[in-house]
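Peer 1: Quick one: the structure is below, questions incoming.
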Amino acid sequence: MNDTSPAADALQMELYARMPARKRVRQAITRSASLRRMVWQRVVEAHPAASADQLRLAFASRWLGEELAERVYGGAQHG
């Protein structure tokens, strides 16, 4: 879902292009960490009775995608 107008989106891209690389990387790292925290919280909320291992597997499934999580963790159950 994208509720940003094409003009606002173009302006945002222009501002990113002008931004020093170090600042772009810092913002990307910060946004990625925020997203990981949000995904983790959703996994915890969706599986309140799950063990820590089950939560990690469910997170991996959502974060990495089913296919990659399966390759990384081998036949483990994902949720």
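Peer 1: Suppose every Lys and Arg Cβ carries +1 and every Asp and Glu Cβ carries -1, with no other charges. What dipole size does the chain come out with about its Cα centre, to the nearest 20 debye?
Peer 2: 560
Peer 1: At a threshold of 8 angstrom on Cα-Cα distance, excluding pairs fewer than six apart, so keeping six or more, what relative contact order does the chain reach in percent?
Peer 2: Computed value for the chain: 20 percent relative contact order.
Peer 1: Next question, about the same structure. Return the calculated 222 nm mean residue ellipticity for the chain, to the nearest 500 deg cm²/dmol, obtained by summing -39500 (n - 2.57) across DSSP H runs with n ≥ 4 and dividing by the residue count.
Peer 2: It lands at -25000 deg cm²/dmol.
Peer 1: Specify the residue with the greatest mean-square fluctuation among Glu14, Glu45, Glu66, computed from a Gaussian network of the chain linking alpha-carbon atoms under 10 Å apart.
Peer 2: Fluctuation is largest for Glu14.
Peer 1: Just going by the charge dipole of region 6-73, with Lys and Arg at +1 and Asp and Glu at -1 on Cβ, which of Pro6, Trp63, Gln41 is farthest out on the positive end?
Peer 2: Pro6
Peer 1: If I stretch the segment between Glu67 and Arg24 completely, what's the gain in nm (0.36 nm per residue apart, minus their alpha carbon distance), one decimal?
Peer 2: 12.5 nm
Peer 1: Based on Cα positions only, what radius of gyration and what Dmax would you give for the chain, in angstroms?
Peer 2: 17.2, 47
Peer 1: While we're on this one: Where is the GNM fluctuation largest for the chain (alpha-carbon springs, 10 angstrom cutoff): Ser61, Ser34, Ser51?
Peer 2: Comparing Ser61, Ser34, Ser51 in a Gaussian network model of the chain, the most mobile one is Ser51.
No value in this document is a laboratory result; all are computed from the given coordinates. The shown structure was predicted, so the numbers you read here are calculated from the model rather than taken from an experiment. Cβ: placed from backbone, ideal geometry, glycine included. Neighbour counts: every protein chain shown.
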